[in-house]
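To keep things clear, I will list the structure first and then write my remarks on it.
None of the figures in this text is laboratory data; all of them are computed from the coordinates on show. Keep in mind the model is a prediction, meaning the values are calculated, not measured. Every residue, glycine as well, gets a Cβ built from its backbone with ideal geometry; the counts of neighbours run over all protein chains shown.
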Amino acid sequence: MADPQDGRRAIERPGFTYFPHFISKEEGAELIAYFDALLPLWEHRHRGGAHARSGGGARRLTRPVYWLGAWQFACLGYYAEPEHREDRCVRAEPFPSVMDRILDRLREPLAQWHGEAPPEAPAELPNTCLINYYGREVGQGVPVDFARLRMHRDGEPGPVIMFSIGQPGLLEFLDPERSPEPELGVWTRHRSVTILSGPEFKDRLYHRIVRVRSGREPELKSRLDNFEVRRVSVSFRYVPDALISDLGQLPEERREQVRGYVEQLAEESEHFRAQLG
């Protein structure tokens with residue numbers, strides 16, 4: 001693969017769009033304040049509900065996360081068309097107004113380059129998002145870097161929209177069945193927006209974050225003990241509203257698998273306190 005693109009210029013091609021500085025400085029500051037105030041979770045890929053708070057010894061995700069719109073807990077398995085749809089998504093808090101404003105400005109490029117919105121969707125804009133915190137654990141011996149995201153494809157229908165806040169992250173696209181080398185690499189920069197969709201960038205190619213640079217500006221804070229944040233990425237997707245459940249609508253076994261996490265969230269969130277009730 002050629003050297004990754006430096007992320008300073010726009011990229012527009014069918015199925016892939018990258019806009020540097022699409023998010024204004026004022027919106028970037030609003031997003032940083034919002035992310036700083038959240039308390040993300042370290043989730044585990046486990047099946048035992050009794051150990052939801054501690055992880056039960058199972059493998060922890062590679063970064064702390066927070067979901068809006070619908071929470072897809074790792075232990076339930078993420079939503080994916082067409083086979084993994086039921087009992088995956090627990091209703092979560094709505095998007096803050098700054099996210100809605102930015103998404104609204106994306107209607108035109110979505111219609112132009114990514115016009116395959118799912119037929120169930122009332123509009124082309126997403127209704128759920130995953131907030132990823134990239135950084136490192138400190139204060140426990142040798143610091144451990146968690147500024148990465150493993151190779152994957154998103155299974156929700158329609159385009160995926162990504163906001164990048166903080167230090168540049170190297171986003172790579174590859175098809176491991178063809179080559180171990182990435183077909184495209186882009187340094188996604190502060191206040192940039194990336195959109196991917198369609199048979200190439202969403203269905204054939206996997207994507208991953210392999211590295212995040214270090215820097216002093218912008219400053220990101222963390223409410224997690226012993227965790228320094230360098231970058232926050234927000235990944236917006238669409239899931240059919242009919243498949244987003246309140247906690248009490250989940251089957252009992254699956255409800256108990258996530259109860260510990262929901263109890264953690266309820267310590268900070270009125271929405272999740274109501275879900276427990």
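Stretch TYR206-LEU276 to full length: gain in nm at 0.36 nm per residue minus the Cα-Cα span?
Working: separation 70, 0.36 × 70 = 25.20 nm, distance 3.62 nm.
21.6 nm is the gain from fully extending TYR206 to LEU276.
Given the -39500 (n - 2.57) contribution per DSSP H run of 4+ residues, what per-residue ellipticity at 222 nm results for the chain, rounded to the nearest 500 deg cm²/dmol?
-5500 deg cm²/dmol
Placing +1 on the Cβ of each Lys and Arg and -1 on the Cβ of each Asp and Glu in the chain, which of VAL229, ALA29, VAL142 has its Cα farthest towards the positive end of the resulting dipole?
VAL142
For segment 8-24 and segment 204-277, what is the separation of their C-alpha centers, rounded to whole Å?
The distance from the Cα centre of segment 8-24 to that of segment 204-277 comes to 26 Å.
About its Cα centre, how strong a charge dipole does segment 11-276 have in debye, to the nearest 20, once Lys and Arg get +1 and Asp and Glu get -1 at the Cβ? Show your work: numbers first, answer last.
Working: 36 positive and 41 negative charges, 184 e Å.
Using Cβ point charges on Lys, Arg, Asp and Glu, segment 11-276 gives about 880 debye.
Determine which residues of segment 167-187 fall in the zone a paramagnetic label at ARG213 would reach in this model, i.e. backbone nitrogen under 16 Å from the point 7 Å along Cα→Cβ.
Hits in segment 167-187 for ARG213 at 16 Å: 167-172, 185-187.
Taking R0 as 30 Å, what FRET efficiency do you get between GLN264 and ASN226 from their Cβ-Cβ distance, rounded to the nearest 0.05?
0.95
How high is the relative contact order of the chain, given as a whole-number percent (alpha carbon pairs under 8 Å, six or more residues apart)?
The value is 27 percent.
Semi-axes of the equivalent ellipsoid of segment 87-187: what are they in whole Å, largest first, if each equals the square root of 5 times a C-alpha gyration tensor eigenvalue?
Gyration-tensor ellipsoid for segment 87-187: 28, 21, 15 Å.
Quick check of the Kirkwood formula: for the chain, what is the inverse mean of 1/r over all pairs of different Cα atoms, in Å?
19.3 Å
Given R₀ = 45 Å, FRET efficiency for ARG8-ARG85 by Cβ-Cβ distance, to 0.05?
Working from the Cβ atoms, E equals 0.70.
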